[in-house]
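**Student:** If you scroll down you'll find the structure; I have some questions about it.
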Amino acid sequence: MELRKNDIVTLTVDACTADGSGIGRADGLAVFLPGAAVGDTVRAHILKVKKNYAYAKIAQVLIPSPDRIAPACPVFPRCGGCAFQHITYEAECRIKAQHVADCLQRIGGVTPALRPILAAPETQHYRNKAQYPLAMRDGQLQIGFYAPHSHRVVHCPDCSLQPPEFAQVLAVFDRWVRESGVSVYDETARTGLLRHIYLRKGAATGEVMVCAVVNGDALPQEAALADALCALPGVKSILINSNTADTNVVLGPHCRTLWGADAIEDRLCGLTFRISPLSFYQVNRDQAERLYQTAADYAALTGKETLLDLYCGTGTIGLTMARRAKRLIGVEVVPAAIEDAKINAVRNGIDNAEFLCADAAAAAKALHTRGLQPEVVILDPPRKGCSPESVAQVAAFRPDRIVYVSCDPATLARDCAAFAALGYRAVDATPVDLFPRTGHIETVCLLVRSDVNA
């Protein structure tokens with residue numbers, strides 16, 4: 001019988017996507033079921049039927065999977081932050097490791113030796129950064145995260161993935177908004193002042209940064225807000241970020257320090273790092289240390305190599321390896337991150353590093369023209385991966401080893417295929433879970449020149 005919208009069918013879930021949707025089969029079609037677990041038998045309400053697949057929602061769980069657990073979060077799955085609150089962490093790690101393997105093989109056509117996933121020892125309170133959108137609903141301030149595939153704010157001021165200090169900060173903002181009468185930004189009308197609350201924490205230092213993102217240059221009663229916030233434990237930096245653009249990008253280009261320091265500090269892999277509001281820094285410090293150690297193992301530095309660190313951010317990954325290299329060159333397009341990287345090198349007594357503010361492909365081309373010949377290249381691009389120009393320029397250096405740190409297995413696989421066409425083979429990969437309970441996974445992959453033994 002042909003599957004139709006609003007049919008109720010019984011399905012056994014035998015697979016799961018990276019975003020937490022179970023997959024069953026009906027009438028020869030793959031049926032995607034958000035919130036299902038591998039091993040579930042469910043009654044499913046069909047919502048949409050396409051040529052080769054369908055979407056459904058769970059009407060009733062008939063036989064629960066052995067992996068299924070009660071979600072610890074009261075707003076799961078209405079909040080779009082987590083994908084795997086409904087299954088055990090062990091099951092989540094199996095899904096993530098399989099996703100990495102599938103992407104590498106199916107998208108990239110590569111089959112490196114895949115090491116066991118490095119699971120996180122902590123699945124709660126591990127994040128050191130959060131960006132909270134705001135909204136007004138029935139006269140009440142909503143602080144939380146967007147519902148899946150929408151910009152509707154789900155009220156969640158005490159997320160279990162964030163440090164407890166963040167909930168204390170949000171409580172201050174909630175009280176201050178009510179007392180000050182400050183307007184909250186409305187994306188549809190493009191009116192209102194307070195857009196986001198952006199928080200960071202140094203996990204090792206305990207230092208907290210509070211940044212209010214505003215549709216303007218200032219807030220009413222700023223002094224009262226600062227007085228209330230600076231009394232909280234750990235708060236070291238309070239800033240105003242101006243973002244007047246009609247955009248989905250959270251932060252604008254300009255920050256003003258309202259109270260305290262311009263940045264906070266954290267310690268990672270034995271080094272101290274300055275973290276400013278616009279700079280990239282891994283959101284899970286403890287797992288970042290394991291990620292960087294894995295990258296260092298793949299880099300196999302002996303002290304004789306020139307190390308090129310593209311997409312270097314504040315210099316964290318390159319600086320943690322600098323003392324094992326002859327020379328480090330870091331490249332990053334964000335000016336504030338490059339300034340942090342230079343400060344981080346000086347603060348840690350690292351004198352063999354230089355940092356360039358430029359697009360990765362353009363910088364690689366210029367360095368190649370200057371005759372640079374790095375033996376090892378580190379790549380840590382954003383989710384979209386490397387541009388074709390960056391891949392070509394890196395391969396033109398003919399380094400012995402490329403260590404690719406990826407936050408998206410699909411773009412990693414695509415870029416591995418591109419490198420393979422230019423004489424580099426992916427020989428080893430390690431998934432590292434920096435984002436428990438979400439659908440994200442980091443992977444470190446080693447690529448070597450085809451004429452070099454791994």
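Computed from the coordinates by the stated procedures, all read-outs in this text should not be read as laboratory data. Note that the coordinates shown come from a computational prediction; the quantities given were computed from them, not determined experimentally. FYI the Cβ positions are ideal-geometry reconstructions off the backbone, even for glycines, and counts take in every protein chain you see.
**Student:** Which of the aspartates and glutamates could a cross-linker span from residue 48 if the Cα-Cα distance has to be under 18 Å and same-chain partners fewer than 8 positions apart are dropped?
**Tutor:** 2, 7, 27
**Student:** Within region 60-129, which trypsin sites (Lys or Arg not before Pro) sit in a loop by DSSP and count at most 16 neighbouring Cβ atoms inside 10 Å?
**Tutor:** When the trypsin sites (Lys or Arg not before Pro) of region 60-129 are filtered for loop state and at most 16 Cβ neighbours within 10 Å, 78 remain.
**Student:** Could you list, in their original order, any pairs among 304/365; 51/384; 5/57; 326/365 whose Cα atoms are separated by more than 19 Å?
**Tutor:** Violating the 19 Å limit, Cα to Cα: 304/365; 51/384; 326/365.
**Student:** Could I ask something else about it? What is the pair-distance distribution P(r) of region 129-264, computed from all Cα-Cα distances in 5 Å bins starting at 0, with each bin given as a whole percent?
**Tutor:** 2, 10, 22, 25, 22, 13, 5, 1, 0
**Student:** In region 5-67, which trypsin sites (Lys or Arg not before Pro) are in a loop and have at most 12 other Cβ atoms within 10 Å, using DSSP for the loop call?
**Tutor:** Here the sparse-neighbourhood loop sites are 5, 50, 51.
**Student:** Another one. If you project the alpha carbons of region 302-454 onto the principal axes, what extent comes out on each, in Å, largest first?
**Tutor:** Here the spans come out as 41, 36, 28 Å, largest first.
**Student:** Restricting things to alpha carbons, find the Rg to Rh ratio for the chain using the Kirkwood radius for Rh.
**Tutor:** Looking at the chain, the ratio lands at 0.99.
**Student:** Suppose a student asked you for the relative contact order of the chain, using Cα pairs under 8 Å spaced at least 6 residues apart; what percent would you report?
**Tutor:** Dividing the mean separation by the residue count of the chain yields 13 percent.
**Student:** Here is a follow-up. Among DSSP beta bridges whose residues both lie in the chain, state the antiparallel percentage, nearest 5.
**Tutor:** 70 percent
**Student:** Could you work out the helix-only [θ] at 222 nm for the chain, with each DSSP H run of four or more residues adding -39,500 (n - 2.57) and the total divided by the number of residues, to the nearest 500 deg cm²/dmol?
**Tutor:** Per the formula, -7500 deg cm²/dmol.
**Student:** Dimensions of region 8-63 along principal axes (Cα, Å, largest first)?
**Tutor:** Extents along the principal axes, in whole Å: 28, 25, 16.
**Student:** Mind checking region 137-225 for trypsin sites (Lys or Arg not before Pro) that DSSP puts in a loop (not H, G, I, E or B) and that have at most 13 other Cβ atoms within 10 Å?
**Tutor:** Sites meeting the loop and neighbour criteria: 190.
**Student:** Tell me, Kirkwood radius of region 236-345 from alpha-carbon pair distances, in Å?
**Tutor:** Every distinct Cα pair counted, the radius reaches 15.2 Å.
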